[in-house]
Structures are given as C-alpha cells and as structure tokens.
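All remarks here apply to the structure that follows.
The values are calculated or read from the model by the stated rules, or taken from the named source; none is laboratory data. Quick caveat, the model's predicted, so the values are computed rather than measured. Using ideal geometry, Cβ is built from the backbone for each residue, glycine included, and neighbour counts are taken over all protein chains shown.
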Amino acid sequence: MNNKTLAYVFARLVLGLSMFGHGAIRVPKIGTFSAGIVKQFAESPLPEALILPLSYVIPIAELVLGILLLLGLFTRTALIGTGILLLVLIFGTTMIENWNALVPQMVHSAFVVGLLAFVDDYKSFSIQKRS
C-alpha cells in the first residue's frame, strides 16, 4: 500500500472514529444530551421547536455516519452527510457564540473536504469499493 492510500485510510478512520465516538457516548443518554442542548440554546435566536428534534437526531446521525466511515460503506454519501451535519453544528455553534467548539468542528470539516477530494481514488480497506 502506498503512502497516499495509507494517508487516506487513516484520515477516513480518524474522522469515522471521532463521529462514532460522539454518537456512541451520546445515544445511550440521548434524553440527558437533548435536555443539555435545549438548555444551551435557551438564549439563542433559534426556536426550541427546531432545537429539540435536532438534539435527538444529531447523536444518531453521528453514530451512523461514524459506522459508515469506519467500514468504508457508502463513503462518499457518508462524507456528504457528515459535511451537512457539520454545517448544522457550525451554524448552531455560532448562534450560541461557542467559539471554542467551532475549532474542532472546522477541523472535522477539513477532514471531510480532504477525504471528499480523494474518495474516488483510494478505496482500500473498505467494505464497498465504489460509493
């Protein structure tokens, strides 16, 4: 395996493990996670009617997207989904002015962009060779 392929595989696994870890730790305590998010956004301009359902969707999306990325299954679609999720998270983060959370979200976004640029070239260590 050449270094470019290895770099792609490691980057995909790093992003996948991060997403999986976020979801795996939150899904079992999703009610507590949701209540905490609603509380964080209480003073934001966003309505609770939007925040509440998203607070339940986000951990599940993180878990599913993480699993797909770790397995290399529907990789392109999983990367697009992760990018969309990150856009939602970044928007929410800016609405509550949580600038410390913005940096990790931007780093995750850079991984998505980089991986999307090479997803068609490096399919090694994936369940699905085409996505």
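Overview of values
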quantity: Residue within the range 92-109 that is surrounded by fewer than 16 Cβ atoms within 10 Å (Cβ to Cβ), assigned to a loop (DSSP other than H, G, I, E, B) and among the hydrophobic types (A, V, I, L, M, F, W, C) present; calculated: no
quantity: Matching option when the condition is farther than 18 Å from F33 by Cα, of a type in the set (A, V, I, L, M), at pLDDT 95 or above and in contact with a helix residue (DSSP H, G or I) (Cβ under 9 Å, 6 or more places away or on another chain), among L65, L85; calculated: L65
quantity: Residue that is nearest to F20 (Cα to Cα), among those in the range 110-126 that are assigned to a helix (DSSP H, G or I) and among the aromatic types (F, W, Y); calculated: F111
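For every residue, the table says whether it meets (1) part of a helix (DSSP H, G or I); (2) among the aliphatic types (A, V, I, L, M).
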residue: A11; (1), (2): yes, yes
residue: G23; (1), (2): yes, no
residue: E43; (1), (2): no, no
residue: L52; (1), (2): yes, yes
residue: Y56; (1), (2): yes, no
